[in-house]
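Notes for the one structure printed next.
The values are calculated or read from the model by the stated rules, or taken from the named source; none is laboratory data. Computed from a prediction, not measured in an experiment: that's the story for all the values here. Please note: Cβ atoms are built from the backbone with ideal geometry, for glycine as well, and neighbour counts cover all protein chains shown. Areas reflect the complete protein model, heavy atoms only, side chains present, ligands, DNA and RNA absent. Shrake-Rupley method; radii C 1.70, N 1.55, O 1.52, S 1.80 Å.
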Amino acid sequence: MSDNAPTFANFFALFELPITFEIETTKLSERLRQLQSQYHPDKLSGNESASLQQNSAVINHAYDILVNPDSRANYLLELSGQELNTDHSIADLDFLDDAMEMRMDLDDAESASDLATISKLKTNVDLRIDNQSQRFKEAYAEQDWPVAKDATQKLKFLVKLKKDMDIAVDNSQQQADDDDLYL
């Protein structure tokens, strides 16, 4: 890498944030814009441009990790030497039953293009994400690694479910827009 390469020890340092679960997303976004401007590949040509492009990719990857609670929690575990073993599935049967029910409700609402139900489901998932985030934060602070890992696994599942809900909303809205073309 060139002299233009970010020399930060970790993604939190790169974004000038403390190493903690709770972050200011506005500060994260502001710093992203600063870094993107500073390390934009179009600034130079030739070999330096390739290096800046690589830096830009690292910056965008770091942002993606820190902006989402599940990947941020997983990253904090990695920094603590407590990497999550993805071979182990979630053992909490109540959580899995609840998650399966939400998944089926989403499928039903999506096939019916029922945006109101999807919106209610998203609110429900947001609350669960907040609960698991709080669980992780407390367990991480106490270095209770089994609980922190469990909360991270559940966060991963819930964040994925929320992304699927966002896609369902987009698809339903797109379908409604397409139907308007034939009026």
Residue selected from the range 115-132 under the condition in contact (Cβ under 8 Å) with a residue 12 or more places away in the chain and farther than 30 Å from Phe21 by Cα, by the criterion least open to solvent (accessible area, probe 1.4 Å): Thr117
Qualifying residue in the range 75-88 (condition: open to solvent by less than 70 Å² (accessible area, probe 1.4 Å) and among the β-branched types (Val, Ile, Thr)): no
The range 102-114: number of residues that are without any contact (Cβ under 8 Å) to a residue 12 or more places away in the chain and under 16 Å from Lys160 (Cβ atoms): 2
Inter-residue pairs, beta-carbon under 6 Å, first within 9 Å of Ala73 (Cβ to Cβ) and in the range 145-169, second assigned to a helix (DSSP H, G or I) and among the hydroxyl-bearing types (Ser, Thr, Tyr), 6+ apart: Ala148/Tyr140
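Yes/no matrix, rows are residues, columns are (1) modelled with pLDDT of 95 or more; (2) over 18 Å from the mean Cα position of the chain (by Cα):
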site: Ser2; (1), (2): no, yes
site: Ala5; (1), (2): no, yes
site: Asn10; (1), (2): no, no
site: Ala13; (1), (2): no, yes
site: Glu16; (1), (2): no, yes
site: Phe21; (1), (2): yes, no
site: Gln36; (1), (2): no, yes
site: Tyr39; (1), (2): no, yes
Within the range 124-153, tally of residues that are within 17 Å of the chain's Cα centre (by Cα) and hydroxyl-bearing (Ser, Thr, Tyr): 2
